[in-house]
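Inspection log for the structure reproduced underneath, given as structure tokens.
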Amino acid sequence: MTADTTPFTGFRPEAIQFLVDLADNNDRAWFTPRKGEYERLLKEPLAALCVALDGAFQARGIPLEGDPTRSPFRIYRDVRFSKDKSPYKTNVAASFPWAEGGGEDGPHGFGESGNPGGYFHMSPGEVYIGGGMWHPSTAKLGAFRAAVADDPTGVRALIDEPRFVATFGEISGDKLKRVPPGFAPDHPEAELLKQKDLTFGRRLADDDVMGPHLVDVIADSFAVAVPVMRWLAAL
């Protein structure tokens, strides 16, 4: 744990209310005098969560990294190319990059550089964690589809593993409308071949974020997904 990070004890109900109020007052005039409140209720607990998760990942042999500086997403929106000029996000989130076999560039974040990763999201009425690869590279997606075509039984053994399905359900994300070229339209694994994202996720209860047990909820969930993420990383 870093010297300036306090132990994670959970988010307070006031943190969720802050995000509700921010959604209703998404401008600098409202946020600037309340920046200290944002840091106390959301930024600092999220950093502490990342530190605690890093230790939990290591203890469980999960090759993901939690970093209090790099994992959290900034609250500020990039509005340069958006019609919506609201300056702030109305959620908090963090990514946990894959830390095994990162290659020359080292580990990368969720969906970046062809590596899988983990993700945490909290907004009013919507708390979830996810993993896998969001918008994978063309090469990685091609390797996935080749694996599905060449060894569908092996792929199914991973993604249909009972504990994985009980925790995360099916591989999800954006899909093509049709089976990609090179594969029969009536291929038995047509739905898998249509995947553009290779992600999975689960919703959490609001109560899950209110105490230190959130660390175990997230880490135990990702532990179940390690075989799938390791396979995706190796494609």
Counting pairs on different chains as well as pairs 8 or more places apart, how many Lys pairs in the chain have Cα atoms under 17 Å apart? 10
With angles folded into 0 to 90 degrees, how steeply does helix 214-234 sit against the dominant principal axis of the chain? Use alpha carbons for both and round to 10. 30
How large is the Kirkwood hydrodynamic radius of the chain, counting all unique pairs of alpha carbons, in Å? 19.0
Determine the share of the stretch 34-91's accessible area contributed by carbon and sulfur atoms, expressed in whole percent, with a 1.4 angstrom probe. 48
Linear extension gain, Glu39 paired with Tyr76, 0.36 nm per residue minus alpha-carbon span: 12.0 nm
With charges set only on the Cβ (+1 for Lys and Arg, -1 for Asp and Glu), what does the dipole of the stretch 77-235 come to about its Cα centre, in debye to the nearest 20? 680
Leaving ligands, DNA and RNA out of it, rank His213, His121 by accessible area with a 1.4 Å probe, largest first. His213, His121
What is the angle, in °, between the Cα long axis of helix 138-150 and the longest principal axis of the Cα atoms in the chain? Nearest 10 is fine, range 0 to 90. 50
Expected output is a single nm value to one decimal: the length gained when fully extending between Ser172 and Val20, i.e. 0.36 nm times separation in residues minus the C-alpha distance. What is it? 51.9 nm
What number, in percent, do you get for the relative contact order of the stretch 29-96 if the mean sequence gap of Cα pairs under 8 Å and at least 6 apart is divided by its residue count? 28
What is the dipole size for the stretch 1-97, taken about its Cα centre, with +1 at each Lys and Arg Cβ and -1 at each Asp and Glu Cβ, in debye to the nearest 20? 320
Where does each of Lys83, Lys175, Lys43 land when they are ordered by accessible area, with a 1.4 Å probe and the largest first? Lys83, Lys43, Lys175
With an 8 Å Cα cut-off and a minimum separation of 6 or more residues, compute the relative contact order for the chain in percent. 20
With a 1.4 Å probe and every protein chain left in place, tell me how much accessible area Tyr76 has, in Å² to the nearest 10. 80
Taking all protein chains together and a probe of 1.4 Å, list Asp84, Asp24 from the most accessible to the least accessible. Asp24, Asp84
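From the helices alone, meaning DSSP H stretches of at least four residues, give me the mean residue ellipticity at 222 nm for the chain, per-run term -39500 (n - 2.57), in deg cm²/dmol to the nearest 500. Kindly include the intermediate steps, with their values, before the conclusion.
Details: 9 runs with 90 residues, N = 235.
Calculated mean residue ellipticity at 222 nm is -11000 deg cm²/dmol.
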Here the longest stretch of the chain that holds no GluC sites (Glu not before Pro) in a DSSP loop having at most 13 other beta carbon atoms within 10 Å is 1-103
Relative contact order (percent) for the stretch 125-235, with alpha-carbon contacts under 8 angstrom and 6 or more residues of separation? 43
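The values are calculated or read from the model by the stated rules, or taken from the named source; none is laboratory data. Quantities reported herein were computed from a predicted structural model and do not represent experimental measurements. Glycine gets a Cβ as well: all are built from the backbone with ideal geometry, and neighbour counts include every protein chain shown. Side chains included, ligands, DNA and RNA excluded: accessible areas come from the protein's heavy atoms. Shrake-Rupley method; radii C 1.70, N 1.55, O 1.52, S 1.80 Å.
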